[in-house]
Amino acid sequence: MLYHAQALADSGADVDLIGYVETEIDRSVAAHSRVRVHRLRAPARLPRALLAVGGLLRVARQSFELLWTLLVRVARPDVVLVQNPPAVPTLLVALIAARIRSARLVVDWHNFGYAMLALRLGPSHLFVRLARGYERALGRRADGHLCVSRAMAEELETHWGIGHAVVLYDRPTSRFVRTPPAARRELLRRLQADLRLPDPSRPAALLVSPSSWTPDEDFALLIEAAARCDEAISRDGASFPDLVIVATGQGPLREQYARDMRALALRRIHLRTLWLPPEDYPAIIGAADLGICLHRSASGFDLPMKLAEFLGAGVPVCALDYGPCLGEVVRHGENALLFSTAAELAEHLEALFRGYPDRARLLERLRENIARSPSERWTDAWTAAALPLLLEGLRH
């Protein structure tokens with residue numbers, strides 16, 4: 001949604017950006033003369049035993065706060081653009097506010113909220129079934145739809161009764177490029193205390209795995225793969241560099257997995273967790289030798305933004321294979337390697353980094369393939385797909 005806000009503001013629109021602010025907002029958005037940021041209180045994560053009662057109270061508070069913001073704190077909008085999920089209470093409140101203020105409602109479908117809930121409660125749970133009905137009924141009442149994949153557009157049309165959803169793939173902004181060697185060295189120098197990098201006399205490869213630390217990212221698989229790979233490359237130490245695997249971001253499961261990482265006694269693989277300010281995030285993506293995507297789609301129809309960011313920066317990816325939808329942006333053996341198990345990921349890491357840095361032939365081939373197929377940038381994709389939909393029927 002930050003990308004939408006900046007693109008709209010850059011095109012001359014006045015934007016009210018409403019949402020939970022748990023971390024620092026990119027300064028290019030927060031300081032934009034046409035953007036006003038309205039911060040909502042982030043919801044507390046509830047234990048399953050309190051989900052029913054506590055969840056109702058939380059939804060009531062969120063509904064009032066969001067509706068008050070949309071009806072009182074912001075000027076009358078032409079378009080209310082809402083990202084889904086979260087669906088509860090956002091879809092209902094946004095629909096009410098849009099109708100009261102005679103604005104168009106456009107839903108940007110990144111995933112399905114009921115599918116995310118099913119990760120916690122199971123697909124057959126009553127709350128999950130109710131959430132799907134709620135999401136489907138309200139989504140159909142919107143005036144326009146964006147979605148992140150062709151597979152999602154087909155699902156919306158076939159099973160949700162929502163036709164003509166415009167596919168807007170996540171694309172990297174112009175900030176996601178290869179980090180120059182000197183800038184890479186300076187970045188790693190600044191991060192030395194946090195990363196606790198290994199002996200600088202030994203070659204080390206940098207692997208980055210951006211994360212929101214939610215249940216749809218399988219870090220247990222990465223931990224098992226790291227243990228397997230460490231054992232293998234320790235037996236043939238001269239052929240491999242050390243692997244520094246950095247998991248960035250914040251989220252509810254970060255500390256749990258960080259404890260599991262610290263409990264490992266690894267010799268050649270170094271697992272680290274790190275939070276980066278927005279201005280440093282593109283730099284570490286562009287500095288990586290390899291990106292690791294552990295996203296295990298709750299619905300099977302969404303595409304993680306991190307894939308676009310890595311490819312935009314010319315960085316090959318090892319991605320967890322969760323279904324055919326991935327084929328819309330990555331191709332195994334061409335710009336990425338797909339894996340389904342920890343053993344497969346460990347094998348890929350060995351194949352990619354044997355002979356690093358000068359004789360890592362598979363890694364270099366993937367880089368060359370990406371360089372020959374430069375990716376479309378966010379501004380171009382947004383202008384072609386989203387802007388006409390958002391401008392449709394504007395009063396001014």
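Summary of computed values
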item	result
Test: residue in region 300-320 that is over 26 Å from Ala232 (Cβ atoms), in contact with a Cys (Cβ under 9 Å, 6 or more places away or on another chain) and among the small types (Gly, Ala, Ser)	yes
Ala288, sole failed condition from (1) of a type outside the set (Lys, Arg); (2) surrounded by fewer than 20 Cβ atoms within 10 Å (Cβ to Cβ); (3) under 24 Å from Pro203 (Cα atoms)	(2)
Single unsatisfied condition, His270 versus (1) surrounded by 19 or more Cβ atoms within 10 Å (Cβ to Cβ); (2) farther than 21 Å from Thr173 by Cα; (3) touching a helix residue (DSSP H, G or I) at 6+ places or on another chain (Cβ under 7 Å)	(3)
Pair list, Cβ < 6 Å and 6+ apart or interchain, from region 297-317 residues that are more than 16 Å from Ala381 (Cβ to Cβ) and in contact (Cβ under 8 Å) with a residue 24 or more places away in the chain to residues that are of a type in the set (Asp, Glu) and outside any helix (DSSP H, G or I)	Ala298/Asp216
So Val148, is it closer than 30 Å to Asp78 by Cβ, touching a residue at least 40 places away in the same chain (Cβ under 8 Å) and either hydroxyl-bearing (Ser, Thr, Tyr) or touching a Ser or Thr at 6+ places or on another chain (Cβ under 8 Å) (or both)	no
Criterion: surrounded by 15 or more Cβ atoms within 10 Å (Cβ to Cβ), touching a residue at least 12 places away in the same chain (Cβ under 8 Å) and closer than 21 Å to Pro388 by Cβ - qualifying residue of Leu95, Leu117, Leu105, Leu91	Leu105
Of all residues making up region 1-42, the number that are among the hydroxyl-bearing types (Ser, Thr, Tyr) and closer than 15 Å to Asp78 by Cβ	1
Tally, over region 11-39, of residues that are without any contact (Cβ under 8 Å) to a residue 60 or more places away in the chain and under 18 Å from Ala386 (Cα atoms)	4
Residue within region 79-95 that is assigned to a helix (DSSP H, G or I), of a type in the set (A, V, I, L, M), in contact with a Ser or Thr (Cβ under 6 Å, 6 or more places away or on another chain) and at pLDDT 95 or above present	yes
Unique match (being among the aliphatic types (A, V, I, L, M), over 23 Å from Phe339 (Cα atoms) and under 21 Å from the mean Cα position of the chain (by Cα)) among Leu276, Leu290	Leu276
Residues of region 359-384 satisfying the condition of being exposed (fewer than 15 other Cβ atoms within 10 Å of the Cβ) and within 29 Å of Arg175 (Cβ to Cβ)	Arg365, Glu368, Ala371, Arg372, Ser373, Pro374, Glu376, Asp380, Thr383, Ala384
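The values are calculated or read from the model by the stated rules, or taken from the named source; none is laboratory data. What you are looking at is a predicted structure, and each value in this text was computed from that prediction instead of being measured. Heads up, the Cβs are rebuilt from the backbone with ideal geometry, glycines too, and the neighbour counts pull from every protein chain shown.
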